[in-house]
Every structure is written in structure tokens, then in C-alpha cells.
Amino acid sequence: MADTAALLRSRSFVELGARQRARALLDAGSFRELLDPFERVESPWLARQGIVPQADDGVVVAKGSLDGEPTVIAAIEGSFQGGSLGEVGGAKIAGALELAIEDNRQGIPTRAVLLLETGGVRLQEANLGLAAIAEIQAAIVELRQFQPVIGVVAGPVGCFGGMSIAAGLCSYLLATREARLGLNGPQVIEQEAGIEEYDSRDRPFIWSLTGGEQRFASGLVDAYVADDVETIAAEVRRFSRLGRPDLERSRRYAWYLERLARFDASRQANAESVRRVYQGDPT
Amino acid sequence: METLSFEFPAGPPARGRAMAGCVGSGDLEVLLEPGRAGTLAIRVITSVNGSAQRWQNLFERMFREQTPPALSIDIHDFGATPGVVRLRLEQALEEVAHG
């Protein structure tokens, strides 16, 4: 039976919008938004294509603190255009990370938290979104040499496309049960591989391969967290205190490549066989 | 997509600014800022074409009941129903009044 008292006590993180999420994770009262919606730095491309823009382009960037330590946080709004990253939203994240790098060069130990709720590049802005994502990735790699970059994939959108690579570059990655993490989204895979191999409407199957629990069991995510504001805030602080990891996951690529090379792709993959690739005996 | 403009009589300028909502399916974003004394200016960008009369009626109904403060309101609408529009506006007006 469900623990009703616990359910009533918990506050869902997944249900919060990007600005509320950022505010909820930073130390109380420390949230200070950069380029807030009233600055109206919005996409110059969407309206020309007949799409209503959002005043903050779906990205909230804020300075604040975690346990008193300087922190920059970027939260993507999954409800606006599927959390897609265009020129402006992408540049806001990249710029915030670059300022954090600059801080560290000046001796200010600014760390970063990325709340990733995104289908990846915004197709309406094509190359400009791709370029911004490349800048974000480069900035993560540079910043993580100073201070941890902590990624959180909470759901319900998940994290896909180029931003899944950005997630993979983070010092630490947290995911909930609701989260999905993958390079291509389910519909794209279905279109390419065929519905026999990958049925995008089969939700249990999709989550069994790309869901937060599976990614954690495969060692591709560092913490599997409940959808609860306090829990996620505590976990983000725990990783922030850990400082930089000895070796980031993405720098262990040779180990991953070797495991993947031994995987027999002629058989249909399932949750179990994928976990074995990353954790156990891959043959 | 359509851009619409509306003006209504208003009181003295509001003191603060406020925002509510998000440009998500069936929702909208409203941004309220202090405006020119005596005027409530609203600019609506909406994904639903041909809906000017509906917006006019909704605003008239809302601001007939009590004179709003002078504001400049920006609305980015993604197919919100009149009920949701009113909810978001009231949410932000409340914040401007007491924030």
C-alpha cells in the first residue's frame, strides 16, 4: 500500500516549471535571475515561422548559492517547444557557464547545476541551436576542471539529442523514475529502426531502456532520485560537496567503447542485456 | 499567429511587475509592467488566428468590474481557453497588487 502520509508530505519537482525548479534548488533567498523575461531576449526566429515566442526563450539562468558556495543554475522549460534549444536559450546557458569559468579563473569557485528538460536542438533554428549546444558542451568540459557541473534530468520531457551528450559530459548526473535519457528520442528510433525493433508507443519498453532507473542501473547516471523537491535539493548538495570526480564518466570512453564492441547487436536488446553491457559480463 | 493590441482606461501606474504562466500547450505567458497613468495597454501574440473579438470580450468583462492599475501587459498565448487566460491575468494582477 502507498504511504499516504509520505505522499502528502512530498512536493513534486517534476511538476514545477523551470523558474520554480531553479529557485527550489538554490539556497533560500539567493536566487538572482540573469536576463530575466522582462529583458525580452527572446528568439528572433520563431515569430517569423508563425510560432509564438516566450519572453525567456524557455531557459531560466540564475546565480545563487548551494550551501553558501557560488552557483550558477540553468533550467530548461520543458513545456515551451519541448524544451528545445535555439540560438537565444542555448547562448544563455553557454554564456552562464562561460562566466562561471571566468569566476573560477579569478579564484571564485562557482559550480553549475543544469536542469535538463529538452528534446535537444530546436529544429526551427537549426544550425544556430546546434552551434549553441556545441558551446554548452565545450563550456561544461572546461568548467568541470574547476568545479562540479551537476546535471539533473527530472522529466517528463527527458533529455535527448545534443543535450544528452551535454548530460553525459557533466561531472555528475541525477535522474528520477520519470526521466528518460537518450541520444535519439523514441519516435526517431522507431522511424529509423522499424516498429518491430522499437515501438515508440510501448511506454514500459521505452522506459525499460532509457528511463532513469535503467540508466542508473547501467551506471550512466550517478543517482536515482525520488520526485521530491527536498530529496533532489539534498542530492544536488551532496554532489556539490563531493567536488570534482577523480575521473569523469566521459573520460572513461575507452572502457565504454570496448564494452560496446563486445555487444551482440544481432539480438534484440532489452533492459537486462543493456545493463550487462555496462555493468556485468557483456557477452 | 496574430498580434493584437488593446487599450482600456486605468488608474495610477502599478508599482511592481509580475509574470505568470508559460507558452505551453493550452497555456499562456503574461508579463505585467507599470504603464502610463490612466492607460492599460495590452499586446497579445496568439497562436489562434481570428480571435480578436474573444480577447476584447474577455478583457472588457474583466476590467468592467474594477478599474485596473495602469499597466503594460504582454501576452504570449499558445491556445489558452478564456478561463485559463483569466486565471493567469488574475494571478499576475494579484502579485502586482501585493508583491
Neighbours by Cβ (under 6 Å, 6+ apart or cross-chain): first from segment A:28-39, over 10 Å from A:A62 (Cβ atoms) and open to solvent by 40 Å² or more (accessible area, probe 1.4 Å); second basic (K, R) and part of a loop (DSSP other than H, G, I, E, B): none
Matching residues in segment B:31-47 - criterion: being touching a Phe, Trp or Tyr at 6+ places or on another chain (Cβ under 9 Å) and within 11 Å of chain A (Cβ to nearest Cβ): B:L31, B:E33, B:V44, B:T46, B:S47
Odd one out for B:G79 among (1) in contact (Cβ under 8 Å) with a residue 24 or more places away in the chain; (2) on the phi < 0 side of the Ramachandran plot: (2)
Flag if B:L28 is away from chain A (no Cβ under 14 Å), within 21 Å of A:G17 (Cα to Cα) and in contact (Cβ under 8 Å) with a residue 60 or more places away in the chain: no
Contacts under 7 angstrom Cβ, first residue in segment A:132-152 being touching a residue at least 60 places away in the same chain (Cβ under 8 Å), partner open to solvent by 10 Å² or more (accessible area, probe 1.4 Å) and in a strand (DSSP E or B), 6 or more apart: A:Q147/A:R111; A:P148/A:R111; A:P148/A:Y172; A:I150/A:Y172
Meets criteria (in contact with a helix residue (DSSP H, G or I) (Cβ under 9 Å, 6 or more places away or on another chain) and under 16 Å from A:P37 (Cβ atoms)) for B:V30: yes
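Given the criterion open to solvent by less than 30 Å² (accessible area, probe 1.4 Å), farther than 19 Å from A:D57 by Cα and small (G, A, S), identify the matching residue among B:G16, B:G38, B:G50.
Values: B:G38 fails: open to solvent by less than 30 Å² (accessible area, probe 1.4 Å); B:G50 fails: open to solvent by less than 30 Å² (accessible area, probe 1.4 Å).
Matching residue, one of B:G16, B:G38, B:G50: B:G16.
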Wholly enclosed helices (runs of 4 or more DSSP H) of segment A:165-283 bearing at least 3 residues more than 17 Å from the chain's Cα centre (by Cα) and surrounded by 15 or more Cβ atoms within 10 Å (Cβ to Cβ): A:186-193, A:203-210, A:271-278
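Determine whether B:G11 is open to solvent by less than 60 Å² (accessible area, probe 1.4 Å), touching a Ser or Thr at 6+ places or on another chain (Cβ under 7 Å) and closer than 19 Å to A:D36 by Cα.
Working: open to solvent by less than 60 Å² (accessible area, probe 1.4 Å): yes; touching a Ser or Thr at 6+ places or on another chain (Cβ under 7 Å): yes; closer than 19 Å to A:D36 by Cα: no.
Considered against the rule, which asks whether it is open to solvent by less than 60 Å² (accessible area, probe 1.4 Å), touching a Ser or Thr at 6+ places or on another chain (Cβ under 7 Å) and closer than 19 Å to A:D36 by Cα, B:G11 comes out as no.
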Scope segment B:1-21; condition in contact with a strand residue (DSSP E or B) (Cβ under 6 Å, 6 or more places away or on another chain), within 17 Å of B:E95 (Cβ to Cβ) and not small (G, A, S); matching residues: B:P13, B:R17, B:M19
Failed criterion for A:V88 (all others in (1) away from every other protein chain (no Cβ under 11 Å); (2) buried (at least 24 other Cβ atoms within 10 Å of the Cβ); (3) within 24 Å of A:S240 (Cβ to Cβ); (4) touching a strand residue (DSSP E or B) at 6+ places or on another chain (Cβ under 8 Å) hold): (3)
Where A:A74 falls short, out of the listed (1) free of Cβ contacts under 8 Å to residues at least 40 places away in the same chain; (2) of a type in the set (A, V, I, L, M, F, W, C); (3) touching a helix residue (DSSP H, G or I) at 6+ places or on another chain (Cβ under 6 Å); (4) more than 12 Å from chain B (Cβ to nearest Cβ): (1)
Search result, residues across segment A:40-64 that are within 11 Å of chain B (Cβ to nearest Cβ) and open to solvent by 10 Å² or more (accessible area, probe 1.4 Å): A:R40, A:E42, A:A47, A:R48, A:Q49, A:G50, A:I51
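The values are calculated or read from the model by the stated rules, or taken from the named source; none is laboratory data. Nothing here was measured: the structure is a model prediction, and the numbers come from that model. Cβ: placed from backbone, ideal geometry, glycine included. Neighbour counts: every protein chain shown. Ligands, DNA and RNA are excluded from the accessible area calculation, which covers all protein heavy atoms including side chains. Shrake-Rupley method; radii C 1.70, N 1.55, O 1.52, S 1.80 Å.
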